[in-house]
1. When 1/r is averaged over all different Cα pairs and the result inverted, which Kirkwood radius in Å belongs to the range B:33-129?
2. Using amide H atoms built in the peptide plane, which far-off residues or other-chain residues are under 5 Å from B:Gln221 H to H?
3. Setting aside same-chain residues fewer than 8 positions from B:Lys372, which aspartates and glutamates have a Cα under 18 Å from its Cα?
4. Which order, highest average first, do B:301-308, B:380-387, A:77-84 follow once you tally other Cβ atoms within 10 Å for each residue and take the mean per peptide?
5. Let me make sure I get this right: for the range B:35-80, a, b and c are the square roots of the gyration tensor eigenvalues over alpha carbons, sorted descending. Under 1.5 in a/c it's rounded, otherwise prolate if a/b > b/c, else oblate. Which is it?
6. Report ³J(HN,Hα) in whole Hz for each residue of the range B:201-210, in order, from the Karplus equation J = 6.51 cos²θ - 1.76 cosθ + 1.60 where θ = phi - 60°; Gly and Pro get x.
7. Could you order peptides B:228-240, B:155-167 by the average number of other Cβ atoms within 10 Å of their residues, highest first?
8. Of the options A:Ile206, A:Ser93, A:Ile60, report the single residue whose Cα projects farthest towards the positive end of the charge dipole of chain A (beta-carbon charges: Lys, Arg +1; Asp, Glu -1).
Amino acid sequence: MQHQLLIGYADRHTFLNRLSGSTKLLCFVGLSIIGMMTYDTRYLIGIMLFSLVIFHFSKIKYREISFVVSVIIGFSVLNLVMVYVFAPHYGVSIYGTEHLLLGNNQHYFNLTTEQLFYEFNLLLKYTFAVPLALIFLMTTNPSEFAASLNKIGISYRVSYSVAIALRYIPDVQSDYRTISLAQQARGFEISKKAKFMTRVRGGIQILLPLIFSSLDRIEIISQAMELRRFGKGKHRSWYMAQKFRANDYLALIIVALLILLGGLLFHVNGGRFWNPFK
Amino acid sequence: MTAPIISFKDFSFQYNSQTEPTLRHLNLDIYPGEKVLIAGPSGSGKSTLGRCLNGLIPQSYPGQISGQVLINGHEIQASSIFDLSMQVGTVLQDPDSQFVGLTVVEDMAFSLENDQQTQATMQTATAKWAQTLDLQDLLTHRPQELSGGQKQRVAMAGVLIDNSKILLFDEPLASLDPASGKASMALIDKLTHAEDLTVVIIEHRIEDVLQQPIDRLVVMQEGQIVANDRPEPILRQSLMAQLGLREPLYLSALLHAGVDLADCQHLDSLDKLTVPNLKATLQQWTAGVTLNPPVTHSEPLLNIDHLQFGYDPHHKIIDDLSVTLHRGEMISLVGQNGTGKSTLSNLITGFLTPQAGKMTFDGQNLADLSVKERADHIGYILQDPNQMLSKTLIFDEVAAGLVLRSLDQATIEKRVLATLKVCGLYEFRHWPISALSFGQKKRVTIAAILVLEPAMLILDEPTAGQDLQHYTEMMAFLTKINHEQGMTIMLITHDMHLMLEYTDRTIVLGNGQILMDAAPADVLTNEAIIEQASLAKTSLYTLAEQNQLDPREFVAKFVQAEREAR
């Protein structure tokens, strides 16, 4: 159960596991940025296919991620609906033409091909990065996270706080369980049987001791870290950091080329949008 | 004569947050290669002294300093925590919070990472210390997968890796079971010699530390050093009891038997102890004591019948366990860490649901009652009071359970005040909880449960981390409610002293079943059980064996004599 928390990192013995964490993080961040900027449907579909193929190689099982994926799909659909509700003509104003599918152009709510096309682009943007993020999270040893963050330029104090969070979340969870049970035994009802407000108040009763015990914990940890010279130098080395190997450079080059291609398309399209309606 | 490696010269310290100095005019020299035990009741300043050694004072805890402390020639005021950490390696009381890495090997390498060592250097160093401390098979394990003893070994590896020559242990025994504690002390002794270390141990469980030779015992009281000598002369003068510390059991036994300590040689080590006519004296004493018939309780209260539970169906934590607890009993529940003591209490209180078996309480089937309803009959008190306290005022905290049960204001007030009187907290009723000491907070949590008028209490390590005075007060209080109100009490504990002196019945848990259910004296004289349940032989047992006495009888008579003296 405690392993579940890390969305199931496991050494699945693929080339993706052997890439250094920094490489995967850089590739993920780089592709996400270019994908967020561009509205070129051809390009987005390309990256989507690329990330799905990589995902296939990662040997991650669907049941390991089914929950996360359904949450993401749910949110994306909700978002697309809201975009339509608030701006049903945005596609028209972007692409400059209007092909009506439903209703007429006097109505606020009508449906145009342009709007559908625009929302299709949005959907691609929401989802293409999901396989990449999952690959990064599930093929990178949690011990390497902090080292990777530090390597791409984030200060080691901030990076290490990620490691510390991963280290202590299970402890805080077990604290929460203990406190919650102890409070229930005294009569705080927080199960579904109680009314909503009672449950909220019960929740606060648990939170207070939890916060105090966590604060105590933080004080002791920071002392323990200081006693072992954390914060002494401007830099620190990482036991779990991986050196870049040929495959890492290869991956970075491929991704750099992809990003370059995306940039080139801005030029070809004369902007961020690819317009098939012209 | 060599120069001292640690030297306090007329040193005083007052925390900025306090109105009185915590350390007063200390003079103490510790020489290279010495193994020193610093003992003293809570608030005597022994932890503060430890903080001076590793530089947390004055860096993290600012305050007023007079006098001087030199650590291997470095003055603490002029050195940073980082500088001093190269001299002094600190193993904190709770090895869990010292464990900052995600895995064992990362934690070991932590300080080297901060020194920006190369990966090759770190690999060599971690491999070396993993071998010395027997951690090779655990290197990729996460802290949650380790036992208390293993975590402590990781903590030791993490500071030894710096090659610092002084090692400071802050209450190393506090979170270990008796067998691990014993192993830990033996390991510290081995390292002291093998690595040529100077070791300072802060601990109030003196008997457990004395299992291995100690060069010097420093006793502190109210910020001053009141004894500073080899352990033997201090033990001989019976100073311990006067100074609020717990005497080793064998010493108390010698005193009961009327042995004159002045005649004894090697008082600090039971193995070498020589006392003229010891055997005859002890035999005479044993013959002179008649055992009272054991107190028996016969009215069944909690009946557990073929109980089964396991998170994993193939690995049962509780496996077909049956036992009956009687009204008015004072029971100790012991066993190795992770053997299911907490699981059993969680099943009884309804936090967990058994997979098979039946429990009845006072004739009522527990399966029909919710957690809240069971709490009206069975109160469960956690080890850490901070996990239970959720109000700011003592009165509100104790009243909380009654308020939730929608009693009227007058009844609540009557019952809360009555409970506070029983618990000796009546004078504090308007105090904020934050102003209380650890022991007092513990008492508030007990009061908050007692006010619900349960028929039975389950307490998890009620005396952990408390000095002799608070320990005695707490146990006297529990004994009182056991006798006067006929309250059934079950204590989950690692403290063998506690189970011997205060409980009538010991249940030993192991492999999901009850390994033994007998009088404490019988349990602690059964070698097979001691081994299986990670308990440790008490010095009483050894003393009896050395003098060809029946250990069971001797221990039982000793316990009786102690209780009568109380």
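1. Values: mean 1/r = 0.0643 Å⁻¹.
This gives a value of 15.6 Å.
2. B:Val226
3. Straight-line reach from B:Lys372, under 18 Å: A:Glu189, B:Asp362, B:Glu397, B:Glu453.
4. Values: B:301-308: 18.0, B:380-387: 21.4, A:77-84: 13.2.
Going from most to least packed, we get B:380-387, B:301-308, A:77-84.
5. Values: a/c = 2.15, a/b = 1.39, b/c = 1.55.
Note, shape of the range B:35-80 comes out oblate.
6. Using θ = phi - 60°, the values come out as 10, 9, 6, 9, 8, 5, 4, 5, 6, 6 Hz.
7. Values: B:228-240: 17.5, B:155-167: 21.9.
Top of the packing list down: B:155-167, B:228-240.
8. Checking the options against the dipole of chain A, the answer is A:Ile206.
Just so you know, all these numbers are worked out from the coordinates, no wet-lab data involved. The structure displayed is predicted, hence computed values, not measured ones. We place every Cβ from the backbone using ideal geometry, glycine too, and count neighbours over all the protein chains shown.
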